[in-house]
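Okay, so here's the structure we're looking at.
Only the coordinates and a few stated rules stand behind these numbers; no lab work does. Keep in mind it's a predicted model, so treat the numbers as computed, not measured. Cβ: placed from backbone, ideal geometry, glycine included. Neighbour counts: every protein chain shown.
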Amino acid sequence: MAMVESSNKSSNLKFSDKIVVITGSGTGIGQAVAKKFAEEGASIIIMGRRKEPLDITAGILMDIIKKVGSSGTVRAFSGVDVSDEVGINEMFTTIKQEFGKVDIIVNNAGVSGPVKTFTNASFQDFKDCVAIHLTGTFWTSVQGLKVMERGSKIITIATFFTEENKYEQRPYRFRTPYTAAQGAKNRLAEALAWELVEKGIKSVATNPGPVHSDRIYKTVYPKAAAEFLRIGGYPGLESPEVELAATKGLDLLGEPSEVFSKGTMKIAEQISNSRSSAVSSDGSSSPPSSAAVNQGDLNKTIEGMLIKIQEIAEKIQNNTSKMIVDNEFLSQEDVAEMVLTLSDDTISKLINGRIIPNDRVFYPVKPIVGTSIDGNNIQDLKEKVVVITTTSSQEKDVQRVTSLANKLNDIGVKQVIILSRNSDDMKFYKDFHSHSLDLLDEEKVKRIFNTAKTKFGNIDAVIHFTGDYDYNRNLSSLSRQEWDGLVNNFIHIPALITREAVRFMAPDGAIDQPAKFKDSTGIIVILGPDSPSGKKISGLSRARSEVFRGALRPYTATVNQELSDVLGSRIRLYLILAGNVEGVESDRGNVTTSVLNLISGSSLNKNESIFYIDEGKKSN
């Protein structure tokens, strides 16, 4: 950690005497933002996981400070990950000691996350992505409040892919944790604005569209292209081999021909050895000469595959640019200029609590939000296997679960299984086939789904109840443990339940052979947190309630696009958000009927996948 100071002083610069914290500021957009603030006289606090980029950035910033003649300083905190509770706490303690205050926080840190179909991505990678984008933004903001005064600002950089229109959601295929985290992050920025009015602190978010960066060109687009090939197939390679070759080979793209050839030979050798091991385990063998010829052919195949990935990546880039009015991605400097503008005292006052798009992207999507679920085919549920999972101990959700389970039994389903995260709630479900288990434990969830499928047959429907959270509680007052509990309950567990449900609804081996997902059937329903209810509901309560609903909506849209458009599956995920804008609480019967209609397949051939089931109701 190092501080450097310029002896030159000038009070004519717009952000002179301001202290600005920028997360993820060693490279890319974060560095561009830091440079803009340095040009306007601010003292810059940069942070990130790697020391070397921060040192380089610190040098660049000092050169700018000297050039403009400001009294700014540069402070670098290396080895600090925004998802690290202790690291962030210690950083702000040090900032308070050395600077006394912070005027502006720019939440910029982010990662690509797994660029894969949700069925093929690891749960740990999912959680890591959410931890950086969402929890990192939350915890940096909350800890930063301890050193912020009236007039300070929190500027959050999110993504246009998760911003919402009334009846639309923008899916972002292969990016489910990213969309869930960014959707919640937009709504969090709004909620913080409401909460911080009395403190005189502004919160604004901006949603840049595609930005020229190494991340998008060297990571996101090539990985997306590789995932298309893993699913669609490439001649001469099995799906796991495509994945392995892409993982090892993407870094070879753009390298000199001799480096590229040497690298592909190593990949070919690894795949060839893996095939030989598989053959040997079957008790057979291949002649050495034949193996050598096969490896030569394999090398050409891998070279062709990597070149194909590059072609697809360029096509994705080109198609994306066509959605932009002038076919041009934003530069990192463009985004930095936007952040600087949003940090202006007058502008931030005018747009406090808003999500400001600067993407210029026309991204046409199908309207997927509905307000009613028609259906009269619930008798089709006979002989079906239905799993109900719940993490809520609230009375209304216990009643919803038991009402649904009773109705399913009355219809004559083959088996109803209730899985509750809370062991104390088992007394409510003693009349049903029920188990208590940690729904955040990946192995336990896999095991129970496997047991259900083995014992009762294919799982036809899974319904998950999240419950609500306290909309009267200040989010900014939550402990880290309380926040992590909310993220687990409303993002991680629904995502894990969804992934495992789809995997067990699909034929065996579909993970390694994505073609098997085609025409697989099944329905998952998530009953997310209700709208606030009551006679008089404040904008603050509404804003808080939307944070995790704002995660589940883009997640649902992305999952369904991957299932239908990418995998060719007929499995569907539906999201029910009960309650309405007038504060009317959803009755148990409406929830039960809506879920039954969905799992009977009544909405399977419609676009709608997100339902506000009570918006037709009027208050008394």
Compare the peptides 20-30, 330-340, 502-512, 487-497 by average per-residue count of other Cβ atoms within 10 angstrom and give them in order, highest first.
-> 20-30, 487-497, 330-340, 502-512
Would you mind putting 62-73, 362-373 in packing order, based on average other-beta-carbon counts within 10 Å, highest first?
-> 62-73, 362-373
With the calculation restricted to Cα positions, what are the radius of gyration and Dmax of segment 348-399 in angstrom?
-> 21.2, 59
Reported to two decimal places, what Rg/Rh ratio describes the chain when computed on Cα atoms with Rh from the Kirkwood expression?
-> 1.00
Centre separation in Å (Cα based) which lies between segment 473-501 and segment 581-612 | 23 Å
Whole number please: convex hull volume per residue of the Cα set in segment 369-611, in Å³?
-> 125 Å³
Separation of alpha-carbon centers, segment 401-445 and segment 104-148, rounded to whole Å | 32 Å
Run the dipole for segment 369-611 about the Cα centre, Lys and Arg Cβ at +1, Asp and Glu Cβ at -1, nothing else charged, and hand back the magnitude in debye, nearest 20.
-> 120 debye
Averaging 1/r across every pair of distinct alpha carbons in segment 216-321 and inverting yields a Kirkwood hydrodynamic radius, in angstrom, of 14.4 Å
In nm, the gap between the two label points placed 7 Å beyond Cα toward Cβ at residue 354 and residue 101 is 2.6 nm
Given 20 °C, 1.002 mPa s and a Kirkwood radius over Cα pairs, the Stokes-Einstein diffusion coefficient of segment 474-620 in µm²/s is 128 µm²/s
Along the three principal axes, how long is segment 349-456 when you take its alpha carbons, biggest first, rounded to the nearest angstrom?
-> 56, 35, 29
Please identify which residues in segment 388-406 have an amide N closer than 12 Å to a label point set 7 Å out from the Cα of residue 423, following the Cα→Cβ vector.
-> none
Could the peptides 31-41, 222-232, 418-428 be put in order, highest first, of the mean number of other beta-carbon atoms found within 10 Å of their residues?
-> 31-41, 222-232, 418-428
Loop-resident sites, segment 72-115, for trypsin sites (Lys or Arg not before Pro), counting at most 14 other Cβ within 10 Å (DSSP) | 101
Once you've got the Cα coordinates, tell me which of 444/518; 36/223; 66/218; 453/518 are over 22 Å apart.
-> 444/518; 36/223; 66/218
Proxy reagent accessibility, fewest Cβ within 10 Å first, across 77, 548 | 77, 548
Show that you can apply the helix-only estimate: for the chain, add -39,500 (n - 2.57) for every DSSP H stretch of four or more residues, divide by all residues, and state [θ] at 222 nm to the nearest 500.
-> -14000 deg cm²/dmol
Once normalised by the length of the chain, the mean sequence separation of its alpha carbon contacts under 8 Å that are 6 or more apart gives a contact order in percent of 15 percent
Output ³J(HN,Hα) for segment 429-436: one whole-Hz value per residue in order, computed from phi by the Karplus curve 6.51 cos²θ - 1.76 cosθ + 1.60 with θ = phi - 60°, and x for Gly and Pro.
-> 10, 5, 7, 10, 6, 9, 9, 10
Given unit charges at Cβ for Lys, Arg (+) and Asp, Glu (-), the dipole magnitude of segment 184-234 about its Cα centre in debye, nearest 20, is 180 debye
Amide H to amide H under 5 Å from residue 464: which residues, 5+ apart in sequence or cross-chain, H placed 1.01 Å off N in plane?
-> 389, 525, 526, 527
